[in-house]
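Structure record follows, encoded as structure tokens.
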Amino acid sequence: MNIKSQTHKLSPKVKESFDKFVAFANKRGLHPYDWGRFYDFIRISHRWRSKLAAEDMRDLLVKAGFADSYAVDIASVYEHGK
């Protein structure tokens, strides 16, 4: 994990949305409801002007229990959606 990822802070609203997503997500393969929560997270990130980069997203997902290879894929969706 790079220093930027370790020090990156999410705003309270963005963190709340991310936490909701990872709390309910099937970390081996996202269910359509999981994707819905993830896209909600992307919308909230955009609305609150989050500066979260794809690499930071991957780091957060791995820390939350996603496999690295799957986290890379989800982070790419995040990057595309923001």
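The values are calculated or read from the model by the stated rules, or taken from the named source; none is laboratory data. Predicted model, so just to flag it, every value in this text is computed and none were measured. Using ideal geometry, Cβ is built from the backbone for each residue, glycine included, and neighbour counts are taken over all protein chains shown. Areas reflect the complete protein model, heavy atoms only, side chains present, ligands, DNA and RNA absent. Shrake-Rupley method; radii C 1.70, N 1.55, O 1.52, S 1.80 Å.
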Legend entry - Subset of region 37-82 (residues that are in a loop (DSSP other than H, G, I, E, B), within 17 Å of residue 20 (Cβ to Cβ) and of a type in the set (Gly, Ala, Ser)): 50, 64, 65
Inset, instruction - Scan region 29-50 and give yes if some residue there is at pLDDT below 95, touching a Ser or Thr at 6+ places or on another chain (Cβ under 9 Å), open to solvent by 60 Å² or more (accessible area, probe 1.4 Å) and not aromatic (Phe, Trp, Tyr), otherwise no. - result: yes
Legend entry - Close pairs from region 26-39: first at negative phi, partner outside any helix (DSSP H, G or I) and of a type in the set (Phe, Trp, Tyr), Cβ under 7 Å, at least 6 apart: 27/66
Inset, instruction - Filter region 1-16 down to residues that are modelled with pLDDT under 50 and hydrophobic (A, V, I, L, M, F, W, C) and give me whichever is nearest to residue 61 (Cα to Cα). - result: 1
